[in-house]
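The values are calculated or read from the model by the stated rules, or taken from the named source; none is laboratory data. Predicted model only: the values in this text are computed from it and were never measured. Reconstructed Cβ throughout: ideal geometry from the backbone, glycine too, with neighbour counts over all protein chains shown.
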Amino acid sequence: MGQSTTTPDIAGLQQSARQIQEQIGRVIVGKAATVELLLVALFSNGHVLLEDVPGVGKTTLAKALARSLGCTFSRIQFTPDLLPSDITGVNVFNQQTGQFEYRAGPIMAQIVLADEINRAGPRTQSALLEAMEERQVTVDGETRPLPYPFLVMATQNPVELEGTFPLPEAQVDRFLMRVGIGYPQREEERQILRRFRADNPLERLTPLIDTEALRQANLACRQVHVHPVLEDYILDLTLGTRQHADVELGASPRGSLALYRTSQALAALRGRVYVIPDDVQELAMPVLGHRLMLRADARLRGRKAAQVIDRLVEQTPAPAEETWRTPAQA
């Protein structure tokens, strides 16, 4: 059954998350929901695909998150001539010692921004995605673990597709979530102008959590209770993507597991030790939307993955509160 709502790990996680959100909010204006989704991915040990137009703050958001976590940060600009070794690093011969020495690539940072990932060739994309999945890189037969925490934020421009190498469905599926930032509202943009007119507020951000606290936060999220009826709800939504008339390829079991774990993390961020249907519904689109491949005729009719997910959430009955609320959660 569920844990006690006085669990100190959950309380500490919620407090740390609130502090991180507030600090990032000093730099990124009006994107609290996006920041919350990034923290959900972080506490779920997953990676994020940021799909949005240039100039809306993706790099600034990644830097603000890294500074708030006290993590190392690197940005990889993907281009057609980028090689896998440019990401993973290389062994270089040292003439003084007579030995090869490893020169780490940018993938060895804790927060990695893979900018315009669809600009690089398939081999380079695969090198990054393999590192994301295995959390290690192999150079000249020697395997090296990646640091903890390890979060990749990969960006794509959803409009400009000329000269790109679109990620295959199997590789897109490796991202825990797909998130958009969007343009700011008029008054939000005015705040951005005023905040950045004198200096860069990024320089004033300070670390708010250490590595051990992050590990404990990840463990706390895994302990969040998911009632069997909510497991059924997650499975109903995932299976619904596979049976939908407009969908050629639905979400895989990796998708249902992602929805399960992110629901746990979202519940923890909001101070609960149990998942509710609202958690699952809020995460259905960012977790499942990029895992769908629509049929050709559906795309010709202008159907979008978001419409399919919204309709599934609308048509799939959510479990009644009395079925998932246990005495410990009352």
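Values computed for the structure shown
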{"quantity": "Matching residues, the range 163-208, being modelled with pLDDT under 90, in contact with a helix residue (DSSP H, G or I) (Cβ under 7 Å, 6 or more places away or on another chain) and surrounded by 14 or more Cβ atoms within 10 Å (Cβ to Cβ)", "calculated": "164, 165, 167, 171, 172, 173, 174, 181, 184, 195, 201, 202"}
{"quantity": "Selection from the range 200-213 of residues that are without any contact (Cβ under 8 Å) to a residue 24 or more places away in the chain and either within 13 Å of residue 43 (Cα to Cα) or in a helix (DSSP H, G or I) (or both)", "calculated": "203, 212"}
{"quantity": "1 or more residues in contact with a Lys or Arg (Cβ under 7 Å, 6 or more places away or on another chain) and within 27 Å of residue 283 (Cα to Cα): qualifying strands (runs of 3 or more DSSP E) within the range 124-199", "calculated": "151-156"}
{"quantity": "Leading residue by the ranking (surrounded by the fewest Cβ atoms within 10 Å (Cβ to Cβ)) among those in the range 100-111 that are in contact with a helix residue (DSSP H, G or I) (Cβ under 7 Å, 6 or more places away or on another chain) and among the aliphatic types (A, V, I, L, M)", "calculated": "111"}
{"quantity": "Qualifying position, being touching a residue at least 24 places away in the same chain (Cβ under 8 Å), under 15 Å from residue 175 (Cβ atoms), in contact with an Asp or Glu (Cβ under 7 Å, 6 or more places away or on another chain) and not aliphatic (A, V, I, L, M), among 291, 261", "calculated": "291"}
{"quantity": "The range 8-53, residues that are assigned to a helix (DSSP H, G or I) and of a type in the set (D, E, K, R)", "calculated": "9, 18, 22, 36"}
{"quantity": "Scope the range 15-36; condition under 12 Å from residue 266 (Cβ atoms) and surrounded by fewer than 24 Cβ atoms within 10 Å (Cβ to Cβ); matching residues", "calculated": "33, 36"}
{"quantity": "When residues of the range 230-244 are limited to those that are of a type in the set (Ser, Thr, Tyr) and touching a Gly at 6+ places or on another chain (Cβ under 7 Å), the one nearest to residue 260 (Cα to Cα)", "calculated": "238"}
{"quantity": "Residues that are assigned to a strand (DSSP E or B), closer than 30 Å to residue 22 by Cβ and basic (Lys, Arg), drawn from the range 61-105", "calculated": "75"}
